[in-house]
Structures are given as C-alpha cells and as structure tokens.
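Data block below; observations after.
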Amino acid sequence: MTVHPSLQPSIDAWTQSIEAISELVSSLVDGEWNRPTECPGWSVRDVVSHVIGGECEALGDPRPIHTLPRDLYHVTDETTRYLEVQVDVRRHHTGPEMTSELEYTIIRRSRQLRNERRKPDDVISHPLHGKTSLAHFLDLRVFNVWTAEQDLRRALRRPGNLDTPAAHIARDELLRRLPKVIAEDAGAPKKSAVVFDVNGPVEFLRTVRVDENGNGTVESSPSLGPIVTFTTDWETFSRLASGRVRAKRVADKLKVEGDTELAERIVTGFSMAH
C-alpha cells in the first residue's frame with residue numbers, strides 16, 4: 001500500500017511551501033522575528049508558530065495547556081482564541097528554538113504523509129473545520145501554509161512563489177468560500193451574478209451565480225450582465241479574499257464595476273482565513 005495517487009499533488013505542494021518557509025526563516029536575525037505581518041497582532045514569529053501548531057495538531061500531538069493573557073485585542077471569538085494558544089505559547093521562543101522546532105515538525109509530518117494509507121474521501125474530524133474529507137483537510141493545510149508563506153514574504157519583503165502548485169490549491173480554497181460570502185453574508189440578489197476577473201501569475205475568470213433560492217455556486221463560464229465585476233491581480237485577490245487587507249488599502253489595484261453597495265458588502269465580508 002502506498003499513498004493514494006490523488007493525494008500526492010497536495011502533499012507535494014505542501015512540502016514545497018513549508019520548506020520555502022523553513023528556508024525563509026532559517027537566516028532571520030532577532031529583529032526580523034518581531035516584524036509585524038498583515039495578520040492582526042501577529043509577528044513573523046507568530047505566523048511561524050501558527051504553522052508549527054497547525055502541523056502538530058495534524059500529527060495528533062496534544063494541544064498545549066496554556067492560559068492566554070486577557071489583553072490580546074485580536075482575540076475576538078472562539079476561533080481566534082483556539083488559534084492563539086499555539087501562537088502565544090511560543091511568544092518568548094528564540095529564533096534558533098523556532099527554526100529547530102519548525103524543521104523537526106516538518107520531518108515528522110513529512111514522514112506521516114509518506115506513510116498515509118487512508119483514502120481521499122475518508123472522513124476526519126477537526127475542531128475548527130468540523131468533519132471533512134482527508135483530501136480536503138490536506139488542501140486546507142496547503143492553503144494555510146501557502147497563505148502563511150505569503151504573509152511572511154510580505155513582512156520580510158522577500159516576494160516569490162505566487163504561482164506554485166500550493167498557490168493554485170489556495171486559489172481553489174478561496175473560490176470555494178465565495179458563494180457563502182456573496183450569497184449569504186453580502187446578500188446578493190437572487191438570479192444575479194458576480195464576476196472576478198483576476199490576472200497575474202495565477203489568472204482566472206470566475207462567476208459566482210446566485211440562483212432563485214438564494215444559493216451561490218462558482219462557475220468558470222462568463223456572465224452576461226453581472227451585477228458586480230471585480231478586476232484585480234492575483235496577489236491582491238488572495239490578500240483581500242483571505243482578509244489580509246481592506247479594499248480601501250488596495251483601491252489602486254482593484255477595479256469595481258456595477259452595484260457599489262453590494263461590492264462594499266462583499267469585500268467587507270472577507271474575513272481572516274488561517
């Protein structure tokens with residue numbers, strides 16, 4: 001028995017992205033670990049802690065027993081509280097402690113993935129994602145790691161890897177979330193369509209259609225007469241759709257045509273995705 005062939009591309013994408021993180025942080029000096037990122041309240045160190053924590057949980061390690069300080073302004077709900085534990089428990093770790101734990105975690109997790117015998121549609125339970133298939137859980141880990149890699153690259157001013165296999169998996173995950181944001185959260189009218197025209201290293205045109213029952217779906221066919229069209233580049237789309245940046249901050253890179261009030265509700269609805 002070997003790894004199911006349909007899981008291998010996700011494993012390869014994860015490997016490339018998490019090794020890129022390891023390489024990025026291997027030579028950081030003290031001050032660079034404390035640089036702020038686009039994740040509220042999180043430094044470079046904190047984003048690396050988040051990646052380590054996510055992989056430790058995927059490995060089945062027990063969660064740290066740790067009480068959070070009361071004054072963390074960015075901890076606002078159960079999800080952020082859950083994520084913060086793995087981060088805060090490492091806040092005083094030195095650079096060498098961080099890099100060695102990251103490397104050790106990558107070795108352990110790579111071994112686990114090499115020996116993965118479960119099938120893609122086997123159901124697994126996760127405290128944040130609920131019940132999901134193994135295939136989707138692996139893609140969520142790829143999304144998490146690639147998004148963190150980009151957070152780190154922007155904070156450290158070391159751009160790159162915007163068009164890797166992990167970037168394409170991240171694109172699919174962000175697109176998967178659009179129907180909820182547009183149909184449910186932003187309340188786009190029934191029988192309407194919202195178009196995303198994205199250029200750059202990852203290029204795509206997608207239409208989110210809202211049917212007569214108010215349910216949204218993503219399609220690759222263009223729409224005649226969409227209610228809103230967003231035109232932007234891939235990096236800006238990924239930052240917006242994962243809640244890293246507000247539309248006002250990237251107004252020069254985002255063209256909006258159509259119903260401006262609905263467009264505003266859509267871009268406001270993008271929440272921080274880890």
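The values are calculated or read from the model by the stated rules, or taken from the named source; none is laboratory data. Worth saying up front: this structure is predicted, and the values here are computed from it rather than measured. Using ideal geometry, Cβ is built from the backbone for each residue, glycine included, and neighbour counts are taken over all protein chains shown. When the accessible area is computed, the model is the full protein with side chains, heavy atoms only, and any ligands, DNA or RNA have been set aside. Shrake-Rupley method; radii C 1.70, N 1.55, O 1.52, S 1.80 Å.
Here are the numbers:
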{"quantity": "Condition check for E19: of a type outside the set (V, I, T), closer than 23 Å to A135 by Cα, out of contact with any strand residue (DSSP E or B) (no Cβ under 9 Å at 6 or more places or on another chain) and open to solvent by 50 Å² or more (accessible area, probe 1.4 Å)", "calculated": "yes"}
{"quantity": "Some residue of the stretch 183-192 being in contact with a helix residue (DSSP H, G or I) (Cβ under 8 Å, 6 or more places away or on another chain), in contact (Cβ under 8 Å) with a residue 24 or more places away in the chain and assigned to a helix (DSSP H, G or I)", "calculated": "yes"}
{"quantity": "Filtered residues of the stretch 7-43 (kept if over 22 Å from T105 (Cβ atoms) and touching a Lys or Arg at 6+ places or on another chain (Cβ under 9 Å))", "calculated": "E38"}
{"quantity": "S223 touching a Ser or Thr at 6+ places or on another chain (Cβ under 6 Å) and either at pLDDT below 95 or of a type in the set (G, A, S) (or both)", "calculated": "yes"}
{"quantity": "Close pairs from the stretch 25-42: first within 23 Å of Y73 (Cβ to Cβ) and polar (S, T, N, Q), partner open to solvent by less than 50 Å² (accessible area, probe 1.4 Å) and in a loop (DSSP other than H, G, I, E, B), Cβ under 9 Å, at least 6 apart", "calculated": "T37/R244"}
{"quantity": "Single residue of D61, D71, D46, D12 found to be crowded, with 17+ Cβ neighbours inside 10 Å and either in a helix (DSSP H, G or I) or not β-branched (V, I, T) (or both)", "calculated": "D46"}
{"quantity": "When residues of the stretch 240-251 are limited to those that are within 19 Å of T80 (Cβ to Cβ) and of a type outside the set (A, V, I, L, M), the one farthest from the chain's Cα centre (by Cα)", "calculated": "R246"}
{"quantity": "Answer residue from the stretch 135-168, given it is out of contact with any strand residue (DSSP E or B) (no Cβ under 8 Å at 6 or more places or on another chain) and among the small types (G, A, S) and is farthest from L240 (Cα to Cα) among those", "calculated": "A135"}
